[in-house]
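**Q** So that we are looking at the same thing, I have put the structure below in structure tokens.
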Amino acid sequence: METNVFLELRKQRGITQQVLARELGINQAAISQWERGRTSPDKKVLAKLSDYYQVSADVLLGRADVPQYPVDLKGYAVIHVGPNTHVRLTEGDIVLKKK
């Protein structure tokens, strides 16, 4: 069985459909449909997905392999700092919060 690229990328990043929907400003039900192979995103959404996941459109269209990232994230924390922006921290990093 062929893996669904949309599901693979989302799971690889460890995010929920709800988080992805919020980040991209789209409906969570649409993401569910893509992951089930029932529909496909339009060109505008493909561009958003490409930017969000930092992969080429060829990856999203199944014409190139999904890049594999390290799955052992032990010792890392990922914090949300804004729309479409995440920062990866390791032990010893200092985070300052603007009041």
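**Q** Once you have the Cα-Cα distance between L46 and K11, take 0.36 nm times their residue separation minus that, and quote the gain in nm to one decimal.
**A** Extra length from L46 to K11 when fully extended: 10.9 nm.
**Q** Further question: Which of N4, V66, N27 sits closest to the plus end of the dipole of segment 1-68, meaning its Cα is farthest towards the positive end, when Lys and Arg get +1 and Asp and Glu get -1 on the C-beta?
**A** N27
**Q** Can you list the HN-Hα couplings for segment 31-44, worked out from phi with the Karplus curve (6.51, -1.76, 1.60; θ = phi - 60°), rounded to whole Hz and with x for Gly and Pro?
**A** 3J(HN,Hα) across segment 31-44, in whole Hz: 4, 4, 5, 5, 5, 8, x, 7, 9, 10, x, 6, 4, 4.
**Q** Treating only the Cβ of Lys, Arg, Asp and Glu as charged (+1, +1, -1, -1), what charge dipole size does segment 5-69 show about its Cα centre? Round to the nearest 20 debye. Walk me through the numbers on the way to the answer.
**A** Values: 10 positive and 7 negative charges, 36 e Å.
Dipole about the Cα centre, nearest 20: 180 debye.
**Q** Then there's this: For segment 5-69, just say rounded, prolate or oblate: build the C-alpha gyration tensor, square-root its eigenvalues into a ≥ b ≥ c, call rounded for a/c under 1.5, and beyond that prolate if a/b exceeds b/c, oblate if not. Display every interim value, and only then the final one.
**A** Numbers: a/c = 1.40, a/b = 1.23, b/c = 1.14.
In terms of gyration-tensor shape, rounded.
FYI, it's all coordinate maths here, none of it is from the lab. From a predicted model like this one, the values you see are computed outputs, not experimental measurements. Using ideal geometry, Cβ is built from the backbone for each residue, glycine included, and neighbour counts are taken over all protein chains shown.
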